[in-house]
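Quick notes on the structure that follows.
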Amino acid sequence: MESKPTHEQAQLHLQVYEERREARLRQARDWFIKNYHADSLEDAMKIAPPGSETGTFVGMVLGYWEQTCALLNYGLLHEDLFFETSGEFFGVWELVKNVVPEARERFKMSGHLANLEKAAKRYEAWSEKRSPGHIAAMREWMKQMRAQMKKAA
């Protein structure tokens, strides 16, 4: 996107950011990044069973980013502004992307986290144009962090 953000897009961007600062969502985001390391839907259900606090955390994080990415995908948020200031959603997608196809199949929800996935693919292409190698480096770093967390557990 070559244009500057509109005033309305900037306002919405700030509102979306403000939501991220809500205490419970902040707690959920912190837990998610540290603990959600699932390779299958079965793993995901063990880590965050429905009805548990951790299940609620997963729902909050995924719900927040799915809604935010929907705003982006519908053009309500400015792509460059969003991508320049919001990389967390991509890390969230990286943590859930292996589980999503199985969840879509099991629950017959072909659109499950489709906005998050679409935004992550767009971000990857956007990032490669601006900072070639960034995504690969971030994936490697996440892999190392995951290994460290598994050792510590």
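Nothing in this text is a laboratory measurement; each read-out follows from the coordinates by a stated rule. No experiment lies behind these values; they were computed from the predicted model shown. Virtual Cβ from ideal backbone geometry, glycine too; neighbours counted across all protein chains shown.
Of note:
- Using the Cβ of Q148 as centre and a radius below 14 Å, the other residues enclosed give a net charge of +4, where K and R count +1 and D and E count -1.
- 26 Å tail of the calculated P(r), the chain, as % of Cα pairs: 28
- A Förster radius of 41 Å, combined with the Cβ-Cβ distance separating K46 from E8, puts the computed FRET efficiency at roughly 0.45.
- Efficiency of FRET from Cβ geometry, H134 and K34, R₀ 22 Å, rounded to 0.05: 0.45
- The lysines whose alpha-carbon is closer than 29 Å to the alpha-carbon of K151, local same-chain residues fewer than 8 away aside, are K34, K46, K97, K143.
- Relative contact order (percent, whole number), the chain, Cα cutoff 8 Å, 6+ residue spacing: 25
- Positive minus negative residues near G63 (Lys, Arg vs Asp, Glu; Cβ under 13 Å): 0
- Karplus (6.51, -1.76, 1.60) ³J(HN,Hα), θ = phi - 60°, over the range 77-88, in Hz, Gly and Pro reported as x: 9, 7, 4, 4, 4, 5, 5, 5, 10, 9, x, 4
- HN-Hα J in Hz across the range 30-39 - Karplus 6.51, -1.76, 1.60, θ = phi - 60°, x for Gly and Pro: 4, 4, 4, 4, 7, 10, 8, 9, 10, 9
- For Y123, the shell of other residues with beta-carbons less than 12 Å away shows a net charge of -3, using +1 for Lys and Arg and -1 for Asp and Glu.
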